[in-house]
């Protein structure tokens, strides 16, 4: 929805910000774009000072930026303390969230079990299968190729992008969104060894996702062997993430792509895991911890700490360790020189002693 | 299926175990659960001594545990040497494996080529495509959204969860199970360089899975350029695993999530690879080797060895190396002190010499 | 298509090679195979000297190899400077690329929006959904279970293997091939923090793939928050690769399996990334750079350089560093010995001084 710059400022004020407008308050914008891509009629923003020089060339109709940044006189400006937060609010104001095409009625290619109960106002695309005894709340949007297994219990405002697979007995809260190709509730790697052979242990647990969980594409979340694997409310995952059986993740965590957690891990609230992090099983990651990219976590991480490396250690130690490693050639040279000085001392000493 | 504690003990005896029952042999249980989750009517177990204190609070109707562990008097107990193996047997006894809903006949949304031959007693869900000249044995269960490409030759008791894709010419033994979203037989990364461009090399090989192979969800197993990529009988994979073209993996291996093997790797029998392991191509991993989490294997690994690190080295060396790295600040201090002592010696020596 | 050895030599000459034929020029071959697998009627090759001994046992009707390699007298030989390039040309000559079964007309289970425009000569399998206002060029082949979202604009000769998902507004050039289960254009991990909660930022950008891009299976390529995520012409991906929002990759790059790039990364032309490489966001990888397996790239990489390690550094430094780490026990011993010699010197010196 298009808006004048004055209206955009009202939106920001509604979010508790204090925008200062410079220029033409009646200018209309109908889109948000980067400084580089912006065309006439679009609003852009400058958050990272690295891109300051692009202000001179942008064709944006207005730019959101910090109070103290210099900008060419011809530009309309909205100055706010946090341009990134502001532009987020403006994207929602101007563009809104993705609109999902409505599919009016059940199609011959949609396979919904008779025993399944689906709430009002659902959009179930052709090519979807919903199995026995599933319960789904109101306003569900389910794209083609999704499968929801027997006895799943799912809240309102479900959004499944194409080809999502939800195994039997999965539980989800309200407003869960899952991106394409993700699999929830497959069997974990549970086998008992008999000699060199592996005998499958039935995985009789399930997966529970809280409210407002968003999972990226092509993730795999194992069901528990017994009990449940849990993703807490408000937690957000990127893509290609693997969660082992019985692992429990608390609220408002943020996991970047390709993170892999073993089984029976306990992750606290508001934990951030950067890309390609891995953990062993049966450990505890405390609330508000941050795990740096590619870390391999082999022990408990205390609440609030930032860990890095493989095996992961507190980030200050990890960085110091890295500097020490970088300076190894130097240390070796130092030792070599000391050796020479010792040899000289020994020689001189022996000569002197002999001379006496 | 529910059972009395006496009947559960019979099951364990049938597995060669020697259970000792304390308490009410006639008590009926109908489920298995963790100590924490167990309710009246469920049997639980204690394997890890870490959780011993939970015995006081569990509501389980019986607990399987080791002979020497203390437990409250009111609890019914089944004492065995290996509680984990015992509970596995009891899960199978009480819960069994997943039951697959039968789909009685071919549906208008199921696309099976006329030239395909599918054995007796198959359950092919709507939304499945089976292409030309495919042969599948008896008792196949194929969930919605699966695709089986031309000329695949597959044994009995096949189980494909939703949205599995099997490319042309794949060969599978009996009792293969593949979890949702996994892709078998896509083209490998085979290109010939012409200047800076990459010219595709037709990937005319195929993939062969042995008997009793189980593959997790969202894995990708490349077909070979020539010949075959092979996963040996009894091998089990977790999720998001990538196998390069022409790689051959022997029997009864166990691969944890996000393992990635390059092309033309040869993996022996009963090899374990922990999460996020990667290997370069054209190497040999010997029988019974274990590769630790996140290891980057750049050379052959001898049979029976455990390797860790990137580049991967024998685990004892890797651990020693890690200790050395941790102690680098100490070593640096030590060198600094030696330097000072040498300086003192030099000063004293020069003073004495000059004094003489 | 079968061919005589003389005809195969003509093919190689057509590629600018100078093959020398030894043996029966009229021998007919109908397939290409490895030395180990080759049967009568197949041509094989020897590129890696490691496998030279297999020449004695192969049943191939002819072998392509280098001019100077010794081979048994009974073998028909085609000698060329680059046997690997030659066999690539011969695979194309004898086997060609995968033939896709034609699907004659639109099926009841194919869901193509009325507003979508699809070029001539298309093969759209049952179970495909093509959404509103999509434009696709001529000769498209789209396998079952694929979804192409609203407003996508795609060139000619598109090839989508089963269960590929293309989100709204994706742009593709000509001759793009995408393997099974890959997802293009899902929302990136874009959230604004409000206290401990994460508020979704609408991801209003898109993904653009150039001409001749081939993407492996089960990859995930995020759409941009604003603007576009871009994969340049001629770039080839293996499987399970994650590309973050707004990242731009130039032409003719080659990415091995499980590579993960964060958002807003800029990758130059003809860059090679080995398996399981990860990068932080907002960095630049220069043209023709090579990133070694498992590297964690935390800073810009200059054009033409090869980087390795986590954090990634120039490969020569990384290798030297590794040697230094391996020799740490040695260095520690050395320091210990020096310490002893200093102690001896100190003792002797004090004794002598005292004696004077």
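Values in this text are rule-based calculations from the coordinates and carry no lab data. Remember, predicted model here, so these are calculated numbers, not experimental data. For neighbour counting, all protein chains shown are included, and Cβ atoms are generated from backbone atoms with ideal geometry for every residue, glycine included.
Between residue A:196 and residue C:50, what's the calculated FRET efficiency when r is the beta-carbon distance and R0 is 30 Å? Round to 0.05.
0.50
Once the label point is set 7 Å along the Cα-to-beta-carbon vector, what list of distances in nm do you get between residue B:298 and its counterparts in the other copies?
1.9, 1.9
Taking every alpha carbon pair in the range B:291-356, what does the distance histogram look like in 5 angstrom bins from 0, in percent?
4, 15, 14, 12, 8, 8, 8, 7, 6, 6, 5, 4, 2, 0
Given a Förster radius of 30 Å and the C-beta distance between residue B:113 and residue C:95 as r, what FRET efficiency does 1/(1 + (r/R0)^6) yield to the nearest 0.05?
Efficiency computed from Cβ-Cβ geometry: 0.85.
Where a ≥ b ≥ c are the square roots of the eigenvalues of the C-alpha gyration tensor, would you call the protein assembly as shown rounded, which needs a/c under 1.5, or, failing that, prolate if a/b is larger than b/c, or oblate?
Cα axes put the protein assembly as shown in the rounded bin.
Distance between Cα centroids, the range C:87-136 to the range B:298-342: provide it in whole Å.
Taking the Cα centre of the range B:298-342 as reference, the centre of the range C:87-136 is 56 Å away.
Is the range A:130-277 best put as rounded, prolate or oblate by its Cα gyration tensor, with a ≥ b ≥ c the root eigenvalues, rounded for a/c under 1.5, and otherwise prolate when a/b is larger than b/c, oblate when not?
Verdict is oblate for the range A:130-277.
Expressed in nm to one decimal, what extension gain is obtained for the pair residue C:266 and residue C:4 from 0.36 nm per residue of sequence separation less their Cα-Cα distance?
Length gained between residue C:266 and residue C:4: 89.5 nm.
What is the extension gain from residue B:282 to residue B:106, computed as 0.36 nm multiplied by their sequence separation minus the C-alpha to C-alpha distance, in nm to one decimal?
58.9 nm
Label-point separation (nm) for residue A:70 and residue B:57, each offset 7 Å from Cα along Cα-to-Cβ?
6.4 nm
What does the C-alpha gyration tensor say about the overall shape of chain B? Classify as rounded when a/c is under 1.5, otherwise prolate if a/b is larger than b/c, or oblate.
Cα axes put chain B in the oblate bin.
Based on the Cβ-Cβ distance of residue C:120 and residue B:326, what FRET efficiency does E = 1/(1 + (r/R0)^6) give at R0 = 60 Å, to the nearest 0.05?
Efficiency at R0 = 60 Å is approximately 0.35.
Once every DSSP H run of n ≥ 4 in chain A is given -39500 (n - 2.57) and the sum is divided by its residues, what mean residue ellipticity at 222 nm do you get, rounded to the nearest 500 deg cm²/dmol?
Here the helix-only value at 222 nm equals -5500 deg cm²/dmol.
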